[in-house]
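Visitor: If you scroll down you'll find the structure; I have some questions about it.
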There are 4 protein chains.
Amino acid sequence: MITSSPLRNGTIPWAMVGGGQGSQIGYIHRSAALRDGNFQLVAGAFDIDAERGRTFGQSLGLQAERCYDNYQALFNAESQRADGIRAVSIATPNGTHFAICKAAIEAGIHVVCEKPLCFTTAEAEELLALSKQHQRVVGVTYGYAGHQLIEQAREMIARGDLGDIRIVQMQFAHGFHNEAVELANPATRWRVDPKFAGPSYVLGDVGTHPLYLSEVMLPELKIQRLMCSRQSFVKSRAPLEDNAFTIMEYEGGAIGYVWSCAVNAGSMHGQKIRVIGSKASLEWWDERPNQMSYEIQGQPLQVLERGMGYLHPAALHDDRIGGGHPEGLFEAWSNLYYRFALAMEATDAGDATALAMLRYPDIHAGIEGVRWVENCVRSADAGATWVDYV
Amino acid sequence: MITSSPLRNGTIPWAMVGGGQGSQIGYIHRSAALRDGNFQLVAGAFDIDAERGRTFGQSLGLQAERCYDNYQALFNAESQRADGIRAVSIATPNGTHFAICKAAIEAGIHVVCEKPLCFTTAEAEELLALSKQHQRVVGVTYGYAGHQLIEQAREMIARGDLGDIRIVQMQFAHGFHNEAVELANPATRWRVDPKFAGPSYVLGDVGTHPLYLSEVMLPELKIQRLMCSRQSFVKSRAPLEDNAFTIMEYEGGAIGYVWSCAVNAGSMHGQKIRVIGSKASLEWWDERPNQMSYEIQGQPLQVLERGMGYLHPAALHDDRIGGGHPEGLFEAWSNLYYRFALAMEATDAGDATALAMLRYPDIHAGIEGVRWVENCVRSADAGATWVDYV
Amino acid sequence: MITSSPLRNGTIPWAMVGGGQGSQIGYIHRSAALRDGNFQLVAGAFDIDAERGRTFGQSLGLQAERCYDNYQALFNAESQRADGIRAVSIATPNGTHFAICKAAIEAGIHVVCEKPLCFTTAEAEELLALSKQHQRVVGVTYGYAGHQLIEQAREMIARGDLGDIRIVQMQFAHGFHNEAVELANPATRWRVDPKFAGPSYVLGDVGTHPLYLSEVMLPELKIQRLMCSRQSFVKSRAPLEDNAFTIMEYEGGAIGYVWSCAVNAGSMHGQKIRVIGSKASLEWWDERPNQMSYEIQGQPLQVLERGMGYLHPAALHDDRIGGGHPEGLFEAWSNLYYRFALAMEATDAGDATALAMLRYPDIHAGIEGVRWVENCVRSADAGATWVDYV
Amino acid sequence: MITSSPLRNGTIPWAMVGGGQGSQIGYIHRSAALRDGNFQLVAGAFDIDAERGRTFGQSLGLQAERCYDNYQALFNAESQRADGIRAVSIATPNGTHFAICKAAIEAGIHVVCEKPLCFTTAEAEELLALSKQHQRVVGVTYGYAGHQLIEQAREMIARGDLGDIRIVQMQFAHGFHNEAVELANPATRWRVDPKFAGPSYVLGDVGTHPLYLSEVMLPELKIQRLMCSRQSFVKSRAPLEDNAFTIMEYEGGAIGYVWSCAVNAGSMHGQKIRVIGSKASLEWWDERPNQMSYEIQGQPLQVLERGMGYLHPAALHDDRIGGGHPEGLFEAWSNLYYRFALAMEATDAGDATALAMLRYPDIHAGIEGVRWVENCVRSADAGATWVDYV
């Protein structure tokens, strides 16, 4: 049960790039990072408008001198200070992630970055090499993975409760963009513009979320080939898709489906993952994250509840309030940041044992998301044909 | 509201082929046909074992002389009698449907047949030609289509409540055959044997059910091309599949998905259809058939209930008990038989107007199911590639 | 599994009193009685308007001479015929049940009667004495008790799965009469008129349904004292109540609650029963009758499904279609009539052993409902004070 | 939408009494108070063991000198400091609340206190007088009231969406104490000991939660008389109850029910409130706090979702993350502390206008809970008879 900071070497001085005035995602990052006392916000380059960013930073209690004009200035100045930041979170539009990540790592600063890390696997591999060279943590905010029952699923699958894995059903299919809301809403506009969003809309924006959940639950599963069919139901979004379906053949014969959609009218989120084995299935839905269905063929359906004593210790570790009480997405994010902090501390201490025991969405997770989108787009653009997964 | 028979010209003398001692499907046919007094069971060839069939028929109150050794004898004798049967229901294994249907039509007898009508579209077209020539009704027992809320969906879509149709999500994915239960259970064994089951297992056995629901709800939608990926997770079932996924491109740009599965461990039925339009979605689940979700983007989800005054008259017509009380699959089947009876009466009377107003799963529905399976199998066997829909 | 009639001595000739043209309840009785071939409708006094009743009876295929002007004529004539009726179902307004039941029993005819049997326990005891004297079955249509999972609950409780029983939560709380709909609807009008409805509205009309379920599930439980508070939220209904709450103390210390309501705006039915023991609870809801929750403290919630092999044989006996397929209220009623038929056959044959093994809502169930309403009304009219249960 | 602190006059220096090492409730208080930057934890008397408390406080970053031995020392020292605390939260066992609250108010410190404030209305009135005299805020942590949809319910009821209010159904009925877990668990032990828990167990511990929700939703409703029946199913808990049922008659004719229970085996929480009006009902369940049912009689059920644009501005004010994403109990608590902070600032500024616009569980809420328990106990102990509400 989490009730305080686990860090032995003190709070990590931390900054944000982006996430300024009016940013919802910035608020989530701060809520999660500051929740357990693991990070202390001491600097930032919060806004493309430097003055507005400075005002905002000061409203959060920062010193004016540590509210910087841009990320270059931030990394430059802070890496010179004895009390400078050891970590930074990046909450800027997609197209800027690669450059900022790279600069941070090269400045010796741990990174937490919004997905996607970048737009191509080539870029991703470059970041990986840099992170190894500089021994820096790169965490990616696949926030839903912080929900406790995801750990329970992983453990149950690992110990064979489901039998051989046959089918992985994934979807993230909301309806909020059933119309061209981007015409009126700048926060949505960049998502459907390839310049800022990259080569895909919903595949990257929503599809990679349940994909990452499947990677956590099923670490052994390797995609062999896939096919992807994508559509732009709101025509002005072409070539970016607002709906896509991907079928994946895994090594060993299992099969996976991912439905990525932003035009599923009326659906609030529609993020679900169902793992089907030869003996039983597990199903989890992000809108009711405190429950998970466990269905053994020929037996009554069971509903597992977060925080209960019958769960695996790994699923109880992150409990903050006891079963019955609903936890929400903020707790999931807090759990990620909790692990990011532990990973940064262990990395700084060169503690490989501690690092090996930590599970969190790291740079490999970031790379896998980029790779998957790239393969999906390649298949879709070739007429929804099968492509080998590379 | 249905409380009695609608027939003006009296009860229809009726027989069954198959559906004898211990047959569950035979019981359902009789329950549905006899429910409203539209049919009277007067003859039958209930069993491959003629003596057992005769005993069974007599236990139902039939005269011994009208319990026949086989369908040929049944059709021969009854078509000579002044009081002979006017309709027959066929509840035998798949591989026999074509021959029995054909014989019945040629004997001038209306037919109700289990799906699939036959194994190839060539056979299906032959039955269509015969049914036209002999002016006989061929009803197909897509039983779920008899649920009242299916009519509600059709009417709501027709009047534009959903906007332009974009996506049709279908699935029938149960878990009862997660293991090779057919080794011990003869009733399942023929389903996975191409000799008796035809070219597919789950595509035809379960997938065509939600497919037909989509045809009822969306009569204008035409498949242009499709791709199908199928697997035999229980290896002894190969070449027949126990899991399949089909993606369909419709004329006009809409897209459809069908998940057909018998190894969805723990799932009771998992038959669902979700129709997504530019404004709203409808979702129906056969395990809770008295409710349907109606989700207008940007408004609270609504749950429509069977039997309520706010429904379309077409969805209230078949009400037998008032809202709140649960109806089940037997009522859905009864509603089909009710329409079969009306269609037979109208056909016998040459009443084209009455016929034009009747909706029921007729021979065209039967043909469409066969055609869809044929196209799916063609795609799957070509490596899950796209094939034009023929 | 039920697929045909269980009777050895042939179909029971049967009549109805009431349930004529336009009667929904008459349709349900006929659907249930005729379903399994146990009863044959041969006579009736269907309507207070004799001519309309005769026309209706003939439309059902009866001979004109066996469509009688009233119940007296029906019982008189049929009891003289060699092929006369052996059973009658009574579907008339409440105020007439006692007299018709009494006349039927005295004519040596088995009875199926709508609840309430009568208005006072004195009348009920008189019917009991008569039924014993004449050795006639009196079945009462507590239809929900025919759902298969009610048997499952009974067996689980009997074998101790719940531990010691502590609390029984019951409710039947719909919203259809939130306004004075009776002003426009004659079918509702008599229900709120003490002359025709007796001393209560919702206590008798809906509350006795879950009460009977509790009697089936918990045959040992005896009410020691109760208190009832009742209201007439639609004022014109006074002195009859449209809402009531009853608290019951059972012998041995358990406690029961019954919420009876017709003004629960928006609720379709709201009939639920939850039985809470020292180890676990069971919960069943009549709007989803194919599922039952089983909650063992400290373990995941389980959902039991009708028709599954893990159920007690008593809960599988009445299966007609296999698990996964939804059954509805018509099957529940059919199951009751199936048992009524067996009880009548066993009674006529003097087979006490067979009778002892049969469970169905008999005259004792009818009496208990009357007694409970009487006690509730006595408490309510004394200012919602506690009264000893007599 | 909340993304930062609303305070104009700076962060409020804050301390805790209780909530030390291993305390779950302490963690929740800190999470909520610190979430938005409204409070800064600067002092505390965290533990009955002063040394352990000091160690704990320092682990949270406090100065050793501001980690006090007890609340008296805390209030004494801090009220002398220029930078002393302006607010304190009390998270100690029930029996100590009154004395600590009183001391804090008299020291001129704002208070946030766990319920119950005290054990008798006499004590409660004394606190009220003191809080008025010293112009100090007393907030009570009825945490569930911070969920956004509670505000939505209040606004919908106020504008007449439900029509005249007739019935308020409340329950908080969990199963975690179905056995005498207190024998092994000290954290539960004091709850069933009158010395520490006061005159009731579940009435005060769980029942007052939905009761307070009803006060928020229905501010006009006044209890006229009530009756309460209580039981100790785990006998060693007598005279304190582990189950109770309360029926309340409100002025004007509406009726309320509260089921308070800790032996509802298998139930996770079971906290629900259903408000039934002449036109429609609302229902909310704390285990799925992001949804609320809205049922207009004769129309489809609607499910309102937190964070959606169709909600009342008052229900959107506290949104932190947008609709679809689940919020949990921590957000509800944070929303309370957000309001406590505003109330403290407005009080210190003498801004009566701002104060009048703020809704939060204040001292009146605390008093009402104490009063209700007192009346319930009086009724129960008089044999579950009706008592006038005083």
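Visitor: With +1 on each Lys and Arg Cβ and -1 on each Asp and Glu Cβ, and nothing else charged, work out how big the dipole of the range D:138-235 is about its Cα centre, in Debye to the nearest 20. Mind dumping the intermediate values first?
Guide: Details: 10 positive and 10 negative charges, 74 e Å.
It works out to roughly 360 debye.
Visitor: I would also like to ask the following. A:K132 to B:T120: FRET efficiency via 1/(1 + (r/R0)^6), r the Cβ-Cβ distance, R0 60 Å, to the nearest 0.05?
Guide: 0.50
Visitor: Here is a further query. Mind checking the mean number of beta-carbon atoms from other chains within 10 Å of the Cβ atoms in B:166-176?
Guide: On the way: counts 10, 10, 0, 6, 0, 1, 0, 4, 3, 9, 5.
Partner-chain Cβ atoms within 10 Å, mean over residues of B:166-176: 4.
Visitor: Given axes a ≥ b ≥ c from the Cα gyration tensor, I'd like to know whether the range B:251-390 is rounded (a/c under 1.5), prolate (a/b larger than b/c) or oblate.
Guide: Here the range B:251-390 falls in the oblate category.
Visitor: Ok, one more. Would you give the gap between the C-alpha center of the range C:12-62 and the C-alpha center of the range D:240-284, rounded to a whole Å?
Guide: 44 Å
Visitor: Antiparallel as a % of all DSSP beta bridges within the protein assembly as shown, to the nearest 5?
Guide: Expressed as a percentage, antiparallel bridges in the protein assembly as shown total about 60.
Visitor: Quick one: B:W259, D:W285, fewest Cβ neighbours within 10 Å first, how do they rank?
Guide: Details: B:W259 23, D:W285 17.
Lowest to highest Cβ neighbour count: D:W285, B:W259.
Visitor: Measuring nothing but label to label, 7 Å from Cα along Cα→Cβ, what are D:L355's distances to the other copies in nm, shortest first?
Guide: In nanometres, ordered from closest: 5.8, 7.9, 8.4.
Visitor: How far is A:T96 from itself in the other copies, in nm, if each label sits 7 Å out from Cα along the Cα-Cβ line, shortest first?
Guide: List, nearest first: 5.0, 7.4, 8.2 nm.
Visitor: How many nanometers, to one decimal and shortest first, lie between the label point of C:Q40 and those of its other copies, if labels sit 7 Å from Cα toward Cβ?
Guide: Output for C:Q40: 1.2, 9.4, 9.5 nm, nearest copy listed first.
Visitor: In debye, nearest 20: dipole of the range A:208-341 around its Cα centre with unit charges on the Cβ of K, R (+) and D, E (-)?
Guide: It comes to approximately 320 debye.
Visitor: Sticking with this one: Quick one: check the C-alpha center-to-center distance for the range A:111-177 versus the range C:324-363, whole angstrom.
Guide: Distance between centres, Cα-based: 58 Å.
Visitor: By count of other Cβ within 10 Å, fewest leading, how are C:E295, A:E331, D:E182 ordered?
Guide: D:E182, C:E295, A:E331
Visitor: Relative contact order (percent) for chain B, with alpha-carbon contacts under 8 angstrom and 6 or more residues of separation?
Guide: 20 percent
Visitor: Tally Lys/Arg at +1 and Asp/Glu at -1 over every other residue whose Cβ is under 10 Å from the Cβ of B:N375; what's the total?
Guide: Numbers: positive: B:R225, B:R371, B:R378; negative: B:E374, B:D388.
For residues surrounding B:N375, the net value is +1.
Visitor: A further question follows. So which residue of B has the beta-carbon closest to the axis that swings B onto D, and how many whole Å away?
Guide: B:Q302, 3
Visitor: A further question follows. Would you mind telling me which residue in C:P93, C:P300, C:P219 has the biggest mean-square fluctuation in a Gaussian network model of chain C, where springs connect alpha carbons within a distance under 10 angstrom?
Guide: Evaluated over chain C, the most mobile residue of the options is C:P300.
Visitor: Now for a different question. Under a crude label model (7 Å from the Cα following the beta-carbon direction), how far is D:R8 from D:S236 in nanometres?
Guide: 5.7 nm
Visitor: Counting other Cβ atoms within 10 Å of each Cβ, which GluC sites (Glu not before Pro) in the range A:342-377 have at most 13 and sit in a DSSP loop?
Guide: none
Visitor: Further question on the same structure: Pairing rule first: another cysteine's C-beta must sit under 4.7 Å. Under that rule, which cysteines of chain B stay single?
Guide: If one checks each Cβ against the other cysteines of chain B, B:C67, B:C101, B:C113, B:C118, B:C261 turn up with nothing under 4.7 Å.
Visitor: Right, here's the next one. Counting Lys +1, Arg +1, Asp -1, Glu -1, what net charge surrounds D:T55 among other residues with beta carbon under 12 Å of its beta carbon?
Guide: That works out to -1.
Visitor: When chain A is treated as a GNM, springs tying every alpha-carbon pair under 10 Å, which of A:I321, A:I90, A:I100 comes out with the largest mean-square fluctuation?
Guide: Maximum among the listed residues: A:I321.
Visitor: Could you line up C:V137, C:V216 from fewest to most neighbouring Cβ atoms inside 10 Å?
Guide: Values: C:V137 27, C:V216 20.
By the 10 Å Cβ count, ascending: C:V216, C:V137.
Visitor: Give, as a single signed number, the net charge of other residues whose beta carbon lies under 13 Å from the beta carbon of C:R81, with Lys and Arg counted +1 and Asp and Glu -1. Numbers along the way, then the final one.
Guide: Values: positive: C:R66, C:R86; negative: C:E65, C:E78, C:D83.
Local charge sum for C:R81: -1.
Visitor: Quickly work out the B:T188-to-C:A73 label distance, labels modelled 7 Å from Cα along the C-beta direction, and quote it in nm with one decimal.
Guide: 5.9 nm
Visitor: Moving on to the next point. Tell me whether the protein assembly as shown comes out rounded, prolate or oblate; compute the Cα gyration tensor, take square roots of the eigenvalues as a ≥ b ≥ c, and use a/c under 1.5 as the rounded threshold.
Guide: Since a/c reaches 1.5 but b/c is at least a/b, the shape of the protein assembly as shown is classed as oblate.
Visitor: Trypsin sites (Lys or Arg not before Pro) within the range B:1-104: which are DSSP loop residues with at most 16 other Cβ atoms inside 10 Å?
Guide: Of the trypsin sites (Lys or Arg not before Pro), the ones in loops of the range B:1-104 whose Cβ has at most 16 other Cβ atoms within 10 Å are B:R8, B:R81.
Visitor: Which residues does the label zone of C:S59 cover in the range C:1-19, counting backbone N under 14 Å from a point 7 Å along Cα→Cβ?
Guide: Correct set: C:19.
Visitor: Have a look at C:A73, C:A352, C:A87 and tell me which one the Gaussian network model of chain C (Cα, springs below 10 Å) gives the largest fluctuation.
Guide: C:A352
Visitor: To continue, here is another question. Within the set C:K279/D:K235; B:K115/B:K222; A:K272/B:K279; A:K235/B:K279, which residue pairs have Cα atoms separated by over 19 Å?
Guide: Values: C:K279/D:K235 15 Å; B:K115/B:K222 21 Å; A:K272/B:K279 23 Å; A:K235/B:K279 15 Å.
From the list (C:K279/D:K235; B:K115/B:K222; A:K272/B:K279; A:K235/B:K279), the Cα-Cα distance tops 19 Å for B:K115/B:K222; A:K272/B:K279.
Visitor: Still on this structure: Show me the helices of chain D, taken as full DSSP H stretches, that run 20 Å or more along their long axis by Cα and average -0.5 or above in Kyte-Doolittle hydropathy.
Guide: Working: long enough: D:329-349 (30 Å, 0.21); D:363-381 (27 Å, -0.05).
Helix filter hits for chain D: D:329-349, D:363-381.
Read-outs: derived from the displayed coordinates by stated rules, not from any lab. The shown structure was predicted, so the numbers you read here are calculated from the model rather than taken from an experiment. Cβ: placed from backbone, ideal geometry, glycine included. Neighbour counts: every protein chain shown.
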